[in-house]
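So the structure is just underneath, and the comments pick up after that.
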Amino acid sequence: MQKEMKMEFTSQSENEGFARVAVGAFIVGLNPTVDELADVKTAVSEAVTNAIIHGYDQKEGKVFITCQIAEQEVEICVIDTGRGIVDIDKAREPLFTTRPELERSGMGFTFMEAFMDQVWVDSRVGEGTRVTMRKKIGKA
């Protein structure tokens with residue numbers, strides 16, 4: 001049986017914590033380890049922060065999250081309808097940032113890829129970005 005959760009919130013930085021907690025609560029039924037739960041929450045934080053900082057350039061917009069659980073795997077999509085990414089490959093490079101003045105580390109996608117099993121990025125300039133992440137829980 002597949003479980004699903006959808007949510008939307010305004011692109012305000014304080015909602016990043018809300019997103020972490022909501023997704024963490026959603027996957028708790030998979031009985032994740034403390035490390036698995038931390039990994040998922042960190043990846044969600046990075047994706048949501050990217051949407052707010054880069055997608056909307058800190059202007060108001062909406063961030064959408066969908067989560068699905070099938071067997072022991074969670075799939076999380078973080079979607080914005082903001083600026084989009086001009087060069088996805090460049091954006092995924094460690095330490096690359098388009099916002100150095102905000103002291104961004106440029107490690108968002110690197111962290112997502114480190115903490116999740118799979119990460120896909122689909123983006124269109126002027127239309128927005130969808131980051132899809134998957135992780136199998138309990139694989140140890």
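Okay, residues lined up against (1) acidic (Asp, Glu); (2) in a helix (DSSP H, G or I); (3) within 21 Å of Arg134 (Cβ to Cβ):
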site	(1), (2), (3)
Gly24	no, yes, yes
Lys41	no, yes, yes
Asn50	no, yes, yes
His54	no, yes, no
Asp57	yes, no, no
Ile69	no, no, yes
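What number of residues in region 1-31 are surrounded by 12 or more Cβ atoms within 10 Å (Cβ to Cβ) and among the small types (Gly, Ala, Ser)? Residues meeting the conditions: 5. Do you know which residues across region 33-50 are more than 24 Å from Ala91 (Cβ to Cβ) and surrounded by 20 or more Cβ atoms within 10 Å (Cβ to Cβ)? Of everything in region 33-50, just one residue is more than 24 Å from Ala91 (Cβ to Cβ) and surrounded by 20 or more Cβ atoms within 10 Å (Cβ to Cβ), namely Glu36.
Residues Thr33, Thr10, Thr66, Thr42: which one is out of contact with any Cys (no Cβ under 7 Å at 6 or more places or on another chain), closer than 22 Å to Asp122 by Cβ and of a type in the set (Val, Ile, Thr)? Within the list Thr33, Thr10, Thr66, Thr42, the selection yields Thr42.
Restricting attention to region 99-121 and to residues that are modelled with pLDDT of 70 or more, outside any loop (DSSP other than H, G, I, E, B) and open to solvent by 40 Å² or more (accessible area, probe 1.4 Å), the residue that is nearest to Glu46 (Cα to Cα) turns out to be Phe111. When region 71-96 is filtered for residues that are of a type in the set (Lys, Arg) and assigned to a loop (DSSP other than H, G, I, E, B), the ones remaining, listed by number, are Arg83, Arg92. The set of residues in region 51-60 being farther than 13 Å from Gly17 by Cα and open to solvent by less than 50 Å² (accessible area, probe 1.4 Å) consists of Ala51, Ile53, His54, Gly55, Tyr56, Asp57. Quick one: in region 61-92, which of the residues that are touching a Gly at 6+ places or on another chain (Cβ under 8 Å) and of a type in the set (Gly, Ala, Ser) is surrounded by the most Cβ atoms within 10 Å (Cβ to Cβ)? Per the criteria, the residue is Gly82.
The values are calculated or read from the model by the stated rules, or taken from the named source; none is laboratory data. All of these numbers come straight from a predicted model, not from anything done at the bench. For neighbour counting, all protein chains shown are included, and Cβ atoms are generated from backbone atoms with ideal geometry for every residue, glycine included. Quick note on the areas: whole protein, heavy atoms, side chains included, nothing else; ligands and nucleic acids left out. Shrake-Rupley method; radii C 1.70, N 1.55, O 1.52, S 1.80 Å.
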